[in-house]
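Report on the following structure.
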Amino acid sequence: MALPTMQTSRLRLCPLAERNRDDLIDLDSDPQVMKYVHNGRPLTQEEAIQDHQERLSASRQVPGLGYWAGYLDGAFIGWGALAPIQSGGETFHAQKAELGYRISPRFWRQGYAKEMARELLRYGFEELGLMEILGQTMAVNEASRATMKACGMRHVRTFYVDFEDPIPGTEEGEVEYIITREEWVRFHLVSK
Ligand SMILES: CC(C)(COP(=O)(O)OP(=O)(O)OC[C@H]1O[C@@H](n2cnc3c(N)ncnc32)[C@H](O)[C@@H]1OP(=O)(O)O)[C@@H](O)C(=O)NCCC(=O)NCCS
């Protein structure tokens, strides 16, 4: 199943493609964007290319799941994902996916991550028939937490990971947010 192109009120979400390589190099080389992801530092060009390739492969693992490039009037603003979740070995959960997003700072605080994420939740529940969507971020990543909350997701746990090279804020832990299909149906009705 090829990933669909989706349209929100302001954004066009197109399946992430080879042609987005330079967009992702720009995004991932920005220290503000990378502050709470990976090792907390901008990626080199080689690392960004490798990550881009990994995202393209992830988009081929489970039908319907993957990464989308967001465009505003033809300009790339960032990406959103409903990524497959491994259930052990090479297999993936059939009815769960992980929400993710990364937006270029000049587009921050204008509601684009929320708009993109809500469309991905709608697609995941309505079109793919998922039962649950989760998201994880560092506890100190207020923007990411607020985005999940603004999509009706709820905080279910805080957990701690031993990183080899921890970045500031790691001591506060990582947080997980979840929304089930039933919760989304209720949220979607009241937020219309
Ligand atoms: C997280 C991120 C995608 C949010 O993008 P955005 O387009 O600025 O978010 P939105 O404008 O859609 O805002 C969504 C919600 O978060 C809130 N928010 C956004 N940035 C915030 C911040 N820095 N602090 C607190 N709340 C914030 C908004 O007020 C909004 O909540 P509301 O609807 O209740 O008012 C963006 O900051 C980003 O790309 N960060 C770097 C990458 C990253 O950390 N990704 C997540 C990794 S898990």
For the chain, what is the calculated [θ] at 222 nm in deg cm²/dmol (nearest 500), taking -39500 (n - 2.57) for each run of four or more DSSP H residues and dividing by its residue count?
-> -8500 deg cm²/dmol
Starting from the Cα gyration tensor of region 82-162, take the square roots of the eigenvalues, sort them a ≥ b ≥ c, and report rounded, prolate or oblate (rounded when a/c is under 1.5, otherwise prolate if a/b is larger than b/c, else oblate).
-> oblate
For region 1-89, treating each Cα as an identical point scatterer without solvent, what Debye log10 I(q)/I(0) comes out at q = 0.11, 0.15, 0.19 1/Å?
-> -0.32, -0.60, -0.93
Expressed as a rounded percentage, what relative contact order does the chain have, with Cα pairs under 8 Å and six or more residues apart?
-> 17
Protection proxy ranking, peptides 3-15, 113-125, 138-150, 85-97, average beta carbon neighbours within 10 Å, highest first | 113-125, 138-150, 3-15, 85-97
Hull shadow area, averaged, the chain [alpha-carbon convex hull, nm²] | 10.7
If you average the sequence gap of Cα pairs under 8 Å that are 6 or more apart and divide by the length of region 45-130, what percent do you get for the contact order?
-> 21
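Laboratory data are not the source of any read-out in this text; all were calculated from the coordinates shown. What you are looking at is a predicted structure, and each value in this text was computed from that prediction instead of being measured. Using ideal geometry, Cβ is built from the backbone for each residue, glycine included, and neighbour counts are taken over all protein chains shown.
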